[in-house]
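Only one structure is covered here, and it is reproduced in the block below.
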């Protein structure tokens, strides 16, 4: 009985893809870790354990949700798995201290905990993409393709299991927002949207499409549309207040978006050019996001009501790709564009996976611009590599300027969007009418 | 059978995890710690408590004739000049340091230029320490002359913890004066009686210092030796890292008395306050010797006994919990 059931589970394509993705993550994750970000999470965990809160002392610069999750991860690590130490601090690691200070080297136990959690988040996000594709196409095969494109995308597993960044969690909340909105669950949509923005601010660009969708969906009654919209907005505000109650209570609300304001001030000073384009072109990015909202509005008006949800899913996800046509600095931000690729590959044409591969591989190269530091954690934990040799080599093997690569990587999105626009039903219809 | 509402279940689970995290961070912390130390016939025993599994370090050392520092002051005065930084920045760093000292059961009093002058000119020397983070002593205690009150205070046993820029290079005046900062020549001679005692080059130590075992036990991972003190300066322990003969963290005996000058090289970066607090709270000094240390795991209450092979003149102990210390207690035995 058990064997049969196991065999049945293992014969499921999604499970098989999960196993492949997890194995890839385990192999990559054991050897490679970006010490810089992981070091920050260790420091934040120590600040929490010292009862400093998230913003009481330096170390945490994001909205609070990831900090709360880090706290829960730490609780599980300490209480359930009995992990006594999150970092190893051999003197030899002082060689890699930089201007930002010493980097706490994570233990394998802590990495397993953190990367395990982020892998789980990747799976959940993938399953939500699966569900969205299922709703749009009613095809398990296509939904599985959507899941596979997301979960096996090199950028996704490198960001989660090498950089230990948490973009996938914001993607989960963003996808939940779309699902709840499509099911007329406006309170839950508002809650999810708030959580998405409270994790990483990028999903805020979907706001215009969401507004447009709610109004179109209730096109027969503007009053109902506005009521539903208001319901979502109130739910979003209440959720955000609930999340930020401690910061309101302790008067540290200015820290909630400290990472963004800090980055803006650095851009202002002209010393952090990587992020400049995205910041300087921000008005244009917002215009793009608004235009996507309008696109949905007019596109949906000319289509059957039963096509509205599919349009909504596609336009919402594409919005994230559209705003990231401008090089955005950190490669991890491009995780937000991947659901659009996954959705369009699954529902439209498999060839879109090629432009995704082009974009994600280029950005993975950007992440590994200086490859040897990614082995420091492995060297410290196992002693199988000589840290001094690695540090010495690290100073000679690196890509000097990654900005051209970032521009090339972004062109993957351009290719995808142009290809999609050219082959979209709108264009095809016009061509048909002309003929 | 009713189908499971997966999106709803997902958001419920995630919100639950987030709220547990929030409660844990801000409202009901599951992390509590405690410790005490007993001296017995078979050695010195520490009893350590942590509500969760943790690593702790128990250190035992002889502090010679050096008195226990019981009164801590940090200098901050917005009406006096500071070196290449803002008052807001310093205020933030001081606040960070105060919090780090608090988890080590230490309180620090802020003092302005006038109060600092009063302290330095008083009989309060041994057991008193001032923390300087502004890059310059105010002219109420230091003008760059050998007969300044600061040197007399150091002679009599006062202690200084210095971080940021070169110690003694500037004397700060009221910001209303025409020249709020005046540069001092031969400041290295004034403080250390050694020419070239203070590093003037940007440097990051890569080799462990002579007393690195102490820094390592205290988890002081600090290696900027810009403005660090030369390892040639006598009567000092260097617990950080060295580069070109300059240490990143040194605790030096004032050459003309019993006071102590502890210098952290470089600037105040993100974690400096942690290392500074750990150094201050541990109670170590230039007299520290016979340093014994163990690192073990604690979950609930646990004990460990260190046996002393030699007789300590002034035995002191320090218990620290966490790979990044989240708790610290100093004991004079």
If we restrict to alpha carbons, what Rg and Dmax does chain B come to, in Å?
-> 22.3, 91
Quick one: check the C-alpha center-to-center distance for segment B:274-333 versus segment A:360-400, whole angstrom.
-> 36 Å
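Under 25 °C and 0.890 mPa s, how fast does the protein assembly as shown diffuse according to Stokes-Einstein, given a Kirkwood radius computed over C-alpha pairs? Answer in µm²/s, whole number.
Working: Rh = 28.7 Å.
Rounded, D is 86 µm²/s.
Considering every Cα-Cα pair within segment B:92-149, what fraction, in whole percent, is farther apart than 13 Å? Before the final figure, lay out each step's value.
On the way: 1115 of 1653 pairs.
Of all Cα-Cα distances in segment B:92-149, 67 percent exceed 13 Å.
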Coordinate range along principal axes, alpha carbons of chain A, Å, largest first = 71, 57, 50
Rounded if a/c is under 1.5, else prolate if a/b beats b/c, else oblate: with a ≥ b ≥ c from the C-alpha gyration tensor eigenvalues square-rooted, which is segment A:22-163?
-> prolate
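Just order B:214-222, B:13-21, A:35-43, B:107-115 by mean Cβ neighbour count inside 10 Å, highest at the front, would you? Walk me through the numbers before you get to the answer.
Numbers: B:214-222: 24.6, B:13-21: 17.4, A:35-43: 21.4, B:107-115: 15.4.
Highest to lowest by the protection proxy: B:214-222, A:35-43, B:13-21, B:107-115.
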Averaged across the residues of A:40-53, what count of C-beta atoms belonging to other chains lies within 10 Å of each residue's C-beta?
-> 6
For segment B:42-174, what is the largest minus smallest coordinate of the Cα atoms on each principal axis, given in angstrom and ordered from greatest to least?
-> 53, 35, 23
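I need the calculated FRET efficiency for the pair residue B:297 and residue A:350, taking r as the beta carbon distance and R₀ as 51 Å, to the nearest 0.05.
Numbers: r = 53 Å, r/R0 = 1.03.
According to the calculation, E is roughly 0.45.
Need the full-extension length gain, residue B:38 to residue B:110, defined as separation in residues times 0.36 nm minus the C-alpha distance. One decimal, nm.
22.6 nm
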Could you give the angle, 0 to 90 degrees to the nearest 10, between helix A:308-323's Cα long axis and the longest principal axis of the Cα atoms of chain A?
-> 40 degrees
If eta is 1.002 mPa s and T is 20 °C, what Stokes-Einstein diffusion coefficient results for segment A:156-207, Kirkwood Rh from Cα pairs, in µm²/s?
-> 192 µm²/s
In degrees rounded to 10, the 0-90 angle between helix A:258-268 Cα long axis and the longest Cα principal axis of chain A is 90 degrees
Neighbouring partner chain Cβ atoms per residue of B:261-270, average, 10 Å criterion | 2
Name the residue, out of A:34, A:155, A:390, whose mean-square fluctuation peaks in a Gaussian network model built on chain A with Cα pairs under 10 Å.
-> A:390
Computed over chain B, the relative contact order (Cα-Cα under 8 Å, seq sep at least six) in percent reads 25 percent
Helix-only mean residue ellipticity at 222 nm for chain A, each DSSP H run of n ≥ 4 adding -39500 (n - 2.57), per residue, nearest 500 = -22000 deg cm²/dmol
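Given the DSSP H assignment, sum -39500 (n - 2.57) over each helix run of at least 4 residues in chain B and divide by its residue total; what's the result at 222 nm in deg cm²/dmol, nearest 500? Walk me through the numbers on the way to the answer.
Working: 7 runs with 71 residues, N = 333.
Calculated at 222 nm, the ellipticity per residue is -6500 deg cm²/dmol.
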Give the Rg (one decimal place) followed by the Dmax (whole number) of segment B:112-204, computed from C-alpha coordinates and expressed in Å.
-> 13.1, 38
GNM on chain A, C-alpha springs below 10 Å: top fluctuator among A:383, A:126, A:59?
-> A:383
Can you tell me the relative contact order of chain A? Whole percent, Cα pairs under 8 Å, sequence separation 6 or more.
-> 19 percent
Cα-Cα pairs of segment B:1-65 separated by more than 18 Å (percent) = 65 percent
Would you please give the FRET efficiency between residue A:26 and residue B:176, computed as 1/(1 + (r/R0)^6) with r the Cβ-Cβ distance and R0 = 51 Å, to the nearest 0.05?
-> 0.20
By the Cα gyration tensor axes a ≥ b ≥ c (a/c under 1.5 gives rounded; else a/b larger than b/c gives prolate, otherwise oblate), the shape of segment A:144-260 is oblate
Given just the C-alpha atoms of segment A:1-99, how large is their convex hull per residue in cubic angstrom?
-> 173 Å³
In a Debye calculation with equal point scatterers on the alpha-carbon sites of segment A:316-435 and no solvent, what is log10 I(q)/I(0) at q = 0.14, 0.19, 0.21 Å⁻¹?
-> -0.69, -0.95, -1.06
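Quantify how strongly other chains surround peptide A:66-76 by giving the mean number of their Cβ atoms within 10 Å of each of its Cβ atoms. Numbers along the way, then the final one.
Numbers: counts 2, 4, 10, 6, 2, 11, 10, 2, 6, 7, 2.
Mean shielding count: 6.
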Connecting every pair of Cα atoms under 10 Å apart in chain B and solving the GNM, the largest mean-square fluctuation among B:28, B:239, B:284 falls on B:28
Spin-label point model (7 Å from Cα, Cβ direction): what's the residue A:357 to residue A:138 distance in nm?
-> 3.3 nm
Could you tell me how many degrees, from 0 to 90 and to the nearest 10, lie between the Cα long axis of helix A:403-423 and the main elongation axis, the longest principal axis, of the Cα atoms of chain A?
-> 20 degrees
Bridge orientation stat for the protein assembly as shown from DSSP, antiparallel percent rounded to 5, came to 75 percent
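At a 10 Å Cβ-Cβ cut-off, how would you order A:4, B:55, B:78, fewest neighbours first? If you can, show how the numbers build up before the last one.
On the way: A:4 8, B:55 19, B:78 11.
Fewest-to-most ranking of A:4, B:55, B:78: A:4, B:78, B:55.
Read-outs throughout are calculated quantities, based only on the coordinates presented, and are distinct from any laboratory measurement. Quantities reported herein were computed from a predicted structural model and do not represent experimental measurements. Methodologically, a virtual Cβ is constructed for each residue, glycine included, from the backbone with ideal geometry; neighbour enumeration extends over all protein chains shown.
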